[in-house]
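The values are calculated or read from the model by the stated rules, or taken from the named source; none is laboratory data. Note that the structure is predicted; figures quoted are calculated from it, not measured. Counting neighbours? That spans all protein chains shown, and the Cβs are built from the backbone with ideal geometry, glycine included.
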Amino acid sequence: MSYAAPGNERALAALVKETQVFLLDMDGTVYIEDELIGDMKNTLERIRRSGRRIVYFTNNSSKTATEYEQKLVRLGIFGEGDFVYTSGIAAAEYLNEFYAGKKVYLVGTDALKGEFCAAGIPLTEGDDAEVGVLAYDTTLTFEKLVRLNRLIVKGKPYIATHPDAVCPAKDVFPPDVGSFIALLECSSGKRPDVICGKPYTVMGDCIKRRLHLPPGKIAMAGDRPHTDIRFANNNGFHSLLVLSGETDARTAASSPDRPDAVAESLNDIVRFL
Ligand SMILES: [Mg+2]
């Protein structure tokens, strides 16, 4: 597939025209590590000035929305009306909807624990836990794994924030929640009852509710076909694959997850705004 093909240009124009809110993956889509991709600051400002909204949308549940916001402010790309939405927030909303008041054992960072507490979720480290939640815990210990494994084997509801096997990084990609899920599957014989983040529908349902918009007014832009694009397709959102991150044109062409449009980077949409 050539992303410069006329069909793709038309698809890109239609996508921009119909979209009121852009859900933006961050790493590989807006920036790489601490470096903005091309003239991203201008692109994001043009999106805002066109009356469209920006939601920074990530599976990474090791950081809170506030921590991401600080980074985006530092990079000069957090504007009026923007907000950050993580798979950790989606997990908290899911718990409040389906397990309200239940005591939760959370394998997660202190930052995420704070976010769960702020959302009114009762956390426990004890044997009274009624639900187990696995997040991207960069402070993971053997003891935490043993505790969560116990809950899973005992048949308690088991929720994971997202499925990514590895986390993007400059050199070697470190293990992410998907790798922890595999470990716990090996020890307990069970997979999560629910996975909240991209590409699944929990995070999609949550953001639809938060935005009060039909899916046809929402577009997901990201650099991973099997998370970002599959997420859009699973939730009825428009999908824009950008080739500025993990995926090149050849990999994109062979992926079973088909986007509505492909762009070299998000900056390509400026001419349609
Ligand atoms: Mg990405």
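Here region 22-36 is the region considered, the condition is being more than 11 Å from the ligand (Cβ to nearest atom) and either more than 19 Å from the chain's Cα centre (by Cα) or in a strand (DSSP E or B) (or both), and the residue that is nearest to residue 169 (Cα to Cα) is 35. Is there a residue in region 248-258 that is modelled with pLDDT of 95 or more, crowded, with 21+ Cβ neighbours inside 10 Å and within 16 Å of the ligand (Cβ to nearest atom)? No: zero hits.
Criterion applied to 73, 16 was being within 23 Å of residue 253 (Cβ to Cβ) and of a type in the set (A, V, I, L, M, F, W, C), and the one residue passing it is 16. Residue count for region 213-234 satisfying the condition of being within 16 Å of the ligand (Cβ to nearest atom) and not basic (Lys, Arg): 12. Looking at residue 179, is it in contact with a helix residue (DSSP H, G or I) (Cβ under 7 Å, 6 or more places away or on another chain) and of a type in the set (Ser, Thr, Tyr)? No. Looking for something more than 15 Å from the ligand (Cβ to nearest atom), in a helix (DSSP H, G or I), assigned by TED's automatic domain parsing to the domain that holds residue 146 and modelled with pLDDT of 95 or more - is there at least one such residue anywhere in region 235-242? Checked against the condition, which is being more than 15 Å from the ligand (Cβ to nearest atom), in a helix (DSSP H, G or I), assigned by TED's automatic domain parsing to the domain that holds residue 146 and modelled with pLDDT of 95 or more, region 235-242 yields no hits at all. Determine, yes or no, whether residue 152 is touching a Cys at 6+ places or on another chain (Cβ under 8 Å) and buried (at least 17 other Cβ atoms within 10 Å of the Cβ). Answer is no for this residue. For region 37-53, filtered to residues that are more than 16 Å from the ligand (Cβ to nearest atom) and either at pLDDT below 95 or part of a loop (DSSP other than H, G, I, E, B) (or both), the residue that is nearest to residue 219 (Cα to Cα) is 52. When residues in region 22-34 are screened for being surrounded by fewer than 18 Cβ atoms within 10 Å (Cβ to Cβ) and either modelled with pLDDT of 95 or more or not charged (D, E, K, R) (or both), 1 of them pass. One residue stands out among those in region 172-212 that are within 16 Å of the ligand (Cβ to nearest atom) and not in a loop (DSSP other than H, G, I, E, B): the one that is surrounded by the fewest Cβ atoms within 10 Å (Cβ to Cβ), which is 178.
The set of residues in region 94-137 being crowded, with 18+ Cβ neighbours inside 10 Å and more than 19 Å from the chain's Cα centre (by Cα) consists of 104, 105, 121, 129, 131, 132.
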